[in-house]
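Since the structure comes first, as structure tokens, the remarks are kept for the end.
Quick note: the coordinates plus some simple rules give every number you see, no bench work behind them. What you see is a predicted model, and the numbers here were worked out from it, not measured in a lab. Cβ atoms come from the backbone with ideal geometry, glycine included; neighbour counts cover every protein chain shown.
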Amino acid sequence: MTGAIPAATLILLRDRAGALEVLMVERAAAMAFAGGAMVFPGGRIDPGDRALALAMGDEALAPRLAAIRETIEEAGIAIGVAGEVAAMRAALAGGEVLGAIGPVDPTPLVEYARWLPDRGVSRVFDTHFYVAACPHDAPEPVVDGTENRSAAWLRPGAVLAAAERGAASLLFPTRRVLERLAAQRDVAGVLVDAARWPVRTITPWVERRADGDWLTIPDDLGYPVTAEPMARTVRG
């Protein structure tokens, strides 16, 4: 879509106490996009991400590199980059590009989804979603305190239940992704699921039904829920 902002997000996964957990951050209420919503770390693909991808010989790596960078910036966890995370975070905050803080290995990131809304949102993002297992020695997340106000490891089902109670706000794509994740018992199951289904750009559409308008997505991409009443949909 013309004018869509290229973006990327990383769904970090871990197994704890016999259950799957995902890393999520809560957006600051004052943010223009998705203020107050629970999301996965992510953001725009910057020119530095594209430049590094080209230097690595593959421009298609730019979304993965952006997802790695954003996760360092927003949650203080580094995937595919060795070193002291606080120093990396400070360097990025000071204007350094990802390639300047050390060698980057994007291979731990597995393609999971791509979402591109066509209307009904304040800003349109063409977002690549990736999943990756969090290293066992990774530090606990530390929120950036600017774009986000909290960061935590959560069970997908628990986040969905909080949203049903009105205790959490979830954008339409985030809710659908969490429903898909909640169907898996562990990290291995998510990675198998990611390999099972094709990744096509999902552009939801409005479908008129007898009981009102529903926001709908394709039914052949692995999502257990493919429609939601427009009256309850949260869209950016």
Environment charge at PHE125 (Cβ cut-off 12 Å; Lys +1, Arg +1, Asp -1, Glu -1): +2
Net length gained if the chain between GLU140 and ALA183 were fully extended (0.36 nm per residue, minus Cα distance): 13.0 nm
Amide N of segment 90-130 lying under 19 Å from the label point, which is placed 7 angstrom from the Cα of VAL199 along Cα→Cβ: 104-117, 125-130
Of [x] 52, 43, 38; [y] 53, 42, 34; [z] 56, 45, 38, the label for Cα extents along the principal axes in Å derived from the coordinates: [z]
Farthest positive-ward along the chain dipole, Cα basis, beta-carbon charges - from ILE77, LEU13, PRO198: PRO198
Percent RCO, i.e. relative contact order, over segment 91-193, from Cα pairs under 8 Å lying at least 6 residues apart: 17
Folded to 0 to 90 degrees: helix 187-196 orientation relative to the chain principal axis, Cα: 70
Environment charge at GLU26 (Cβ cut-off 14 Å; Lys +1, Arg +1, Asp -1, Glu -1): -1
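Can you give the extra length, in nm with one decimal, that the chain gains between ALA4 and GLU96 once fully stretched, where that is 0.36 nm per residue apart less the Cα-Cα distance?
Values: separation 92, 0.36 × 92 = 33.12 nm, distance 2.54 nm.
My answer for the length gained is 30.6 nm.
So for the chain: antiparallel DSSP bridges make up what percent, rounded to the nearest 5? If you can, show how the numbers build up before the last one.
On the way: 29 of 41 bridges.
So the antiparallel bridges in the chain amount to around 70 percent.
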Relative exposure of ASP211, ASP105, judged by other C-beta atoms within 10 Å (fewest first): ASP211, ASP105
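Could you please report the charge total around THR201, scoring K, R as +1 and D, E as -1 over all other residues with beta-carbon less than 9 angstrom from its beta-carbon? List each step's numbers first, then the result.
Numbers: positive: ARG114, ARG200; negative: ASP126.
The answer is +1.
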FRET efficiency, 1/(1 + (r/R0)^6) with R0 41 Å, evaluated for THR107 and ALA86 via beta carbons: 0.95
Peptide ranges 159-169, 76-86 listed from the most packed, as the mean C-beta count within 10 angstrom indicates: 76-86, 159-169
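Classify segment 4-88 as rounded, prolate or oblate from the Cα gyration tensor: take a ≥ b ≥ c as the square roots of its eigenvalues, call it rounded if a/c is under 1.5, otherwise prolate when a/b beats b/c and oblate if not. Let's see the in-between values first.
Working: a/c = 1.85, a/b = 1.24, b/c = 1.49.
Since a/c reaches 1.5 but b/c is at least a/b, the shape of segment 4-88 is classed as oblate.
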Assigned charges on the beta-carbon of Lys, Arg, Asp, Glu; segment 88-236 dipole about Cα centre (debye): 400
Relative contact order of segment 5-232, defined on C-alpha pairs under 8 angstrom at six or more residues apart (%): 24
Span from the segment 141-157 Cα centroid across to the segment 37-56 one, whole angstrom: 19
Simple spin-label estimate for ARG209 and ALA19 in nanometres, 7 Å along Cα-Cβ: 2.9
Diffusion coefficient, µm² s⁻¹, Stokes-Einstein with Kirkwood Rh over alpha-carbon pairs of segment 124-236 at 20 °C and 1.002 mPa s: 134
